[in-house]
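The values are calculated or read from the model by the stated rules, or taken from the named source; none is laboratory data. Because the structure is predicted, anything quoted here is derived from the model rather than measured. Cβ sites come from the backbone with ideal geometry, for glycine too, and all protein chains shown count toward neighbours. Keep in mind that these areas ignore ligands, DNA and RNA; they rest on the heavy atoms of the full protein, side chains included. Shrake-Rupley method; radii C 1.70, N 1.55, O 1.52, S 1.80 Å.
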Amino acid sequence: QVQLVESGGGLVQAGGSLRLSCAASIRTFSTYDMGWYRQAPGKEREFVARIRWIGGSTQYADSVKGRFTISRDNAKNTLYLQMNSLKPEDTAMYYCDAYRIPFDYWGQGTQVTVSS
């Protein structure tokens, strides 16, 4: 059974920080590309950040570059998203994704709300 569980969301004031975690019950976790996506009310799900298993290279959406940092701890089967300088427009449900052809797994999400 594959399971992804996000945590760390909450309510924070603009300019504050949060650290999201995604615990994965995937035995071969290190072989998966991992990513964070978010979906705000009235909007479609959008890409936030991704980290590849090959070399650990990262990619970020333009809207979060310089503010968010994605990382992974393969020994703990955990994905992280450090979010700094949060803005009200960052408010969304955040989901983690694990991808390895032909599989694509999603967690249930954790809510991030940024007040102004």
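List of remarks:
- Residue list for the range 70-96, filter: in contact with a Leu (Cβ under 8 Å, 6 or more places away or on another chain), closer than 16 Å to Glu6 by Cα and crowded, with 16+ Cβ neighbours inside 10 Å: Ile70, Arg72, Tyr80, Leu81, Met83, Tyr94, Cys96
- Single unsatisfied condition, Ser116 versus (1) at pLDDT 95 or above; (2) closer than 19 Å to Gly9 by Cα: (1)
- Residue match in the range 80-94 (condition: of a type outside the set (Val, Ile, Thr) and modelled with pLDDT under 95): no
- Among (1) over 17 Å from Arg100 (Cα atoms); (2) not small (Gly, Ala, Ser); (3) not in a strand (DSSP E or B), the one test that Ile26 misses: (1)
- The condition of being touching a Phe, Trp or Tyr at 6+ places or on another chain (Cβ under 8 Å) and touching a residue at least 12 places away in the same chain (Cβ under 8 Å) holds for only one of Tyr80, Tyr94, that being Tyr94.
- In the range 22-45, the qualifying residues are those that are small (Gly, Ala, Ser) and open to solvent by 30 Å² or more (accessible area, probe 1.4 Å), and the one that is nearest to Leu79 (Cα to Cα) is Ala23.
- If the condition is being surrounded by fewer than 19 Cβ atoms within 10 Å (Cβ to Cβ) and either at pLDDT below 95 or part of a strand (DSSP E or B) (or both), then the range 104-113 contributes Asp104, Tyr105, Trp106, Gln111, Thr113.
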